[in-house]
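Comments concern the structure below.
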Amino acid sequence: MPTLRALHLLESDYKVMDMLRTGRLEERHMHAVEWATSQPMVLHSQEHQQHLHRRANRPSGACWPALQQLHIVRYYMAPREDAGLRIDAACMPALEELIVDHMEPSDDHHPAPSPADAAQVPRLRGQFDNLTRICAPMFDTQSLPTQAPCLRSLCITGSGGPLPRAMVPSQEDIDALLATDLPLKSVVIAGKVVGPLTI
């Protein structure tokens, strides 16, 4: 069976991410995928169902061991979601690039953002030894030195609604990140180039 190398999700929420972690992602969530043995393609229903059946009967371990690129176009945050977007190293250990274009509440009744909404900020789980690029409306920067030790490019757009704008890293967080040993070549926060520092 070919191995998934790049995945483009049009819409996602915590339920879709749970399906991704367990290897049971549904075809309706996939825009296009790239297999290591072929060009980008859209899965056909019968092929996808066979793929899901094989994944469901597979022993535990990394669901997407060769996945290098994950692109989420729109992530919907649940109003009472205890934890926002989480990307697991155990599920996709070869991940090199993570892109999230837009994050927004899943309904119009989402409470106004506040510092207490830090649980909504996307973050990594586990160590990603190959992850070199992250681009998202907001992201937890404090854990990046230990969880993404090879990170070279970080872009936090602060766009996509009131919550991302409210959760852009503080200057203190940015200074702390730039003071680490990360091999950062480019750091852009809310459209402003803030690093790396040159001596």
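The values are calculated or read from the model by the stated rules, or taken from the named source; none is laboratory data. Since this is a predicted model, take the numbers as computed values, not measurements. All Cβ positions, even for glycine, are placed from backbone atoms using ideal geometry, and neighbour counts span all protein chains on display. Keep in mind that these areas ignore ligands, DNA and RNA; they rest on the heavy atoms of the full protein, side chains included. Shrake-Rupley method; radii C 1.70, N 1.55, O 1.52, S 1.80 Å.
Computed values, structure above
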quantity	calculated
Unique residue being of a type in the set (G, A, S), modelled with pLDDT under 70, open to solvent by 20 Å² or more (accessible area, probe 1.4 Å) and not in a loop (DSSP other than H, G, I, E, B) when the list is A116, A83	A116
Flag for P65 being touching a Pro at 6+ places or on another chain (Cβ under 7 Å), at pLDDT below 90 and either closer than 13 Å to P137 by Cβ or surrounded by 16 or more Cβ atoms within 10 Å (Cβ to Cβ) (or both)	no
When residues of segment 1-38 are limited to those that are assigned to a helix (DSSP H, G or I) and loosely packed, with under 14 Cβ neighbours inside 10 Å, the one modelled with the lowest pLDDT	R28
Pair list, Cβ < 9 Å and 6+ apart or interchain, from segment 180-196 residues that are under 15 Å from V168 (Cβ atoms) to residues that are among the polar types (S, T, N, Q) and open to solvent by 60 Å² or more (accessible area, probe 1.4 Å)	V194/Q171
Residues of segment 88-106 satisfying the condition of being surrounded by fewer than 17 Cβ atoms within 10 Å (Cβ to Cβ), of a type in the set (A, V, I, L, M) and assigned to a loop (DSSP other than H, G, I, E, B)	A90
